[in-house]
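The values are calculated or read from the model by the stated rules, or taken from the named source; none is laboratory data. Note that the structure is a prediction, hence the values are computed from the model and not measured. FYI the Cβ positions are ideal-geometry reconstructions off the backbone, even for glycines, and counts take in every protein chain you see.
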Amino acid sequence: MLGLVYLFLALNLVAVQLHASPDGELRQAQKALNTGDYEKAFPLYIDAAHNKNNPLATFTIALFYDNGWGRPVDRAEACRWYEKAAATTIPAASHFHGECLVEGTLKSSDYVEAVRSFQQAANLGHYFSLCSLAELYVDGLGVEKNPAKGITLCQQVAEKGVVPAMTRLGRFYSERNDKTEGNDKTLDYIAAQHWFLMGAQHRSAESQFRLALMLRDGIGKPIDTHGATFWFEAAASQGYTPAYYPTATLYFHTPVDPKTGLWTEKNLAKAYLWLSATLRGAHNADEKPEAQQMLNQILEVMPKTWRPELDAKLTEHFTQYPIKSHYVFPRTNIKIGRSTIN
């Protein structure tokens, strides 16, 4: 599924190209899409794609299917439309077509064509595609295996300030351990922390979360519980559901007042908020029984008068960040040191 960052970039591309369009044939469709009127917008895009061969309309139809705008998510149909749009000069279409080729959504994975598609996207200005191309160099898929070249490609993009590239580069350094075929590419946790920090400072929730994992577990540097709590909560506050439970547990396990044996008021309230968020919004079923047990302990000591205000904050949070039916991490299961993310 399309990541939020990529979706943001794609929609900005749509808006810019619509603004530049002399005939403005899609402005009515874009206006309907911006207001969430998918039933009105979709046939307008279909008409422009089929009858006018409008490449922007073709690309936007793919987004409809990829994101379930007014219809069930259909990745295969999205990939068909990405393929059509990639034959034009829509950079993001070439990128997403490359992802479809890697996934093997419509047919067996075609890494050679994926290399061409990512390179085409990058040539058209979608520089993050170089990081997807880097994945193929690191794994030796569709190209001769060359992890060093792959990382260099992605680092060039990260150094341009492209935030998703910072996150991807951090993953390269924290996940890979490749010493085959003379490519001495070992894990570099210090470099990983650097790039996750760069992404975290640019409000990348995934970078914030992964940096927090490393700080919590002492990967690359000594354990930093305070830093881990800060970055977990930064990600959780953006509705990044995998961060709810670790944020809650760190607040729950903060040192208590030795005289009273109780949490500070701040930590008590924070533990209540994030444990409640875990029970309401997290998708890892294994977390919920433990979260409920901890919440029961919190409720034994937290004044009942606090609950209305705290529950109102929870409602506000989930209004801003609605609960997703599922949460997808990029690519496959991801391992960072001793931590595994599904």
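Okay, here's what the table says:
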| read-out | value |
| --- | --- |
| Conditions (1) in contact with a Leu (Cβ under 6 Å, 6 or more places away or on another chain); (2) modelled with pLDDT of 95 or more; (3) not aliphatic (A, V, I, L, M): number failed by T60 | (1) |
| Matching helices (runs of 4 or more DSSP H) fully within region 135-247 where at least 2 residues are within 20 Å of the chain's Cα centre (by Cα) and over 29 Å from G98 (Cβ atoms) | 205-217, 225-236 |
| Residues (of a type in the set (S, T, Y) and either at pLDDT 95 or above or in contact with a Gly (Cβ under 9 Å, 6 or more places away or on another chain) (or both)) located in region 63-99 | Y65, Y82, S94 |
| Hey, A41 within 16 Å of T89 (Cα to Cα) and at pLDDT 90 or above or not | no |
| Every residue from region 272-321 that is among the aromatic types (F, W, Y) and in contact with a Phe, Trp or Tyr (Cβ under 9 Å, 6 or more places away or on another chain) | Y272, W274, W306, Y321 |
| T278 under 17 Å from P242 (Cα atoms) and either exposed (fewer than 14 other Cβ atoms within 10 Å of the Cβ) or of a type in the set (V, I, T) (or both) | yes |
| Exclusive hit being outside the structural domain of A191 (by TED's automatic domain parsing), at pLDDT 95 or above, within 24 Å of P322 (Cβ to Cβ) and among the polar types (S, T, N, Q), set Q297, Q293, Q208 | Q208 |
| Cβ pairs under 7 Å, 6+ apart, first in region 55-84 and in the same structural domain as L33 (by TED's automatic domain parsing) and crowded, with 19+ Cβ neighbours inside 10 Å, second part of a helix (DSSP H, G or I) and among the charged types (D, E, K, R) | T58/K84; Y65/E77; D66/R75; A78/D66 |
| Set L268, L262: member being surrounded by fewer than 19 Cβ atoms within 10 Å (Cβ to Cβ), in the same structural domain as A236 (by TED's automatic domain parsing) and not basic (K, R) | L262 |
| Flag if E316 is assigned by TED's automatic domain parsing to the domain that holds A235, in contact with a Ser or Thr (Cβ under 9 Å, 6 or more places away or on another chain) and either within 25 Å of F230 (Cβ to Cβ) or not in a helix (DSSP H, G or I) (or both) | no |
| Test: residue in region 104-111 that is of a type in the set (G, A, S), modelled with pLDDT of 95 or more and over 23 Å from the mean Cα position of the chain (by Cα) | yes |
| Lone unmet requirement of (1) surrounded by fewer than 17 Cβ atoms within 10 Å (Cβ to Cβ); (2) outside the structural domain of K160 (by TED's automatic domain parsing); (3) not hydroxyl-bearing (S, T, Y) for H95 | (1) |
| Search result, residues across region 117-134 that are hydroxyl-bearing (S, T, Y) and in a loop (DSSP other than H, G, I, E, B) | Y127 |
| Residue match in region 292-310 (condition: part of a helix (DSSP H, G or I), in contact (Cβ under 8 Å) with a residue 12 or more places away in the chain, closer than 20 Å to G239 by Cβ and within 27 Å of the chain's Cα centre (by Cα)) | no |
| Subset of region 224-259 that is aliphatic (A, V, I, L, M) and crowded, with 21+ Cβ neighbours inside 10 Å - its residue that is nearest to I298 (Cα to Cα) | A248 |
| Filtered residue count, region 104-128, keeping only those that are hydroxyl-bearing (S, T, Y) and touching a Cys at 6+ places or on another chain (Cβ under 6 Å) | 1 |
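Per-residue answers, yes or no, for (1) touching a Cys at 6+ places or on another chain (Cβ under 9 Å); (2) closer than 21 Å to G199 by Cα; (3) modelled with pLDDT of 95 or more:
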{"site": "L130", "(1), (2), (3)": "yes, yes, yes"}
{"site": "A134", "(1), (2), (3)": "yes, yes, yes"}
{"site": "L141", "(1), (2), (3)": "no, no, yes"}
{"site": "C154", "(1), (2), (3)": "yes, yes, yes"}
{"site": "E159", "(1), (2), (3)": "no, yes, yes"}
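Results for (1) in contact (Cβ under 8 Å) with a residue 12 or more places away in the chain; (2) touching a helix residue (DSSP H, G or I) at 6+ places or on another chain (Cβ under 6 Å); (3) buried (at least 18 other Cβ atoms within 10 Å of the Cβ), shown as yes or no for each residue.
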| residue | (1), (2), (3) |
| --- | --- |
| C131 | yes, yes, yes |
| A134 | yes, yes, yes |
| Y137 | yes, yes, yes |
| L141 | yes, yes, no |
| K149 | yes, yes, no |
| E159 | no, no, no |
| P164 | yes, yes, yes |
| T167 | yes, yes, yes |
| G170 | yes, yes, yes |
